[in-house]
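Here's the structure, in structure tokens; my notes come after.
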Amino acid sequence: MSRWADSRDIALLLDQTETWAVVGLSGDPVRTAYGIAQLLQDHGKRIVPIHPDAASGELTVLGEKAYATLADVPFPIDVVDVFRRSEAAGQFADEAVAIGARGVWFQLGVIDEDAYERTTAAGVTMVMDTCPAIEWGRRG
């Protein structure tokens with residue numbers, strides 16, 4: 001495992017957090033983010049959809065109100081789970097630090113080493129290039 005997929009960090013985020021903002025989550029059930037958000041709910045997590053289409057204030061995904069940005073969410077977020085390309089993901093790690101999130105999770109294939117360095121230097125746990133579904137699967 002790489003340093004950004006440390007088993008202790010993964011366990012911390014999966015076991016000791018409750019509220020996960022899912023960046024890029026829309027109401028399209030064929031998208032990977034939708035399936036992972038459902039899995040998070042199945043594991044007792046509250047999901048918070050983050051999608052620019054939520055600016056109208058009327059988007060609901062998987063029964064949860066969506067917000068256009070992380071800064072718009074009026075309650076604490078434990079983990080920011082990012083479904084964006086690597087070149088666009090770093091800004092969400094920075095926003096996660098700014099809102100006081102406890103962790104950042106970049107999904108499978110999403111890697112930004114500079115964002116990892118900034119986030120962990122700020123004292124925020126970060127996992128990259130893996131998926132909660134994979135990690136829960138490894139546990140049996």
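Bear in mind that the values in this text are calculations on the coordinates, not laboratory data. None of the values given here were measured: they were computed from a predicted structure. Here the Cβ is made from the backbone with ideal geometry for all residues, glycine too, and neighbour counts use every protein chain on show.
Annotation for region 59-73 versus region 22-38: alpha-carbon center distance of 12 Å. Between GLN41 and ASP53, the simple label model (points 7 Å from Cα in the Cβ direction) yields a spacing of 1.6 nm.
When only Cα pairs below 8 angstrom with a gap of at least 6 residues are kept, the chain shows a relative contact order of 24 percent.
For region 67-78, the Karplus equation 6.51 cos²θ - 1.76 cosθ + 1.60, evaluated at θ = phi - 60°, returns couplings of 10, 6, 9, 4, 5, 7, 6, x, 9, x, 10, 7 Hz by residue, with Gly and Pro reported as x.
Mean projected area of the Cα convex hull of region 3-139, taken over all directions, amounts to 7.4 nm². Backbone phi angles across region 111-127, fed through the Karplus curve with coefficients 6.51, -1.76 and 1.60 (θ = phi - 60°), yield HN-Hα couplings of 9, 8, 4, 5, 5, 4, 4, 5, 5, 5, 5, 7, x, 9, 5, 9, 10 Hz in residue order; Gly and Pro are listed as x.
Judged by the mean number of other Cβ atoms found within 10 Å, the most tightly packed of the peptides 130-137, 46-53 leads the ranking 46-53, 130-137.
Could you sort 96-102, 17-23 so that the peptide with the highest average Cβ count within 10 Å comes first and the rest follow in order? Mind dumping the intermediate values first?
Working: 96-102: 18.1, 17-23: 21.9.
Ranked from most to least packed, the peptides come out as 17-23, 96-102.
Taking 7 Å steps out from each Cα toward its Cβ at GLU18 and GLU87 produces label points 4.0 nm apart.
Just the number, please: percent antiparallel of the DSSP beta bridges in region 3-139, rounded to the nearest 5.
On the way: 2 of 19 bridges.
Antiparallel bridges: around 10 percent, rounded to the nearest 5.
Between MET126 and VAL104, the built amide H atoms are under 5 Å apart, and every one of these is 5 or more places off in sequence or on another chain.
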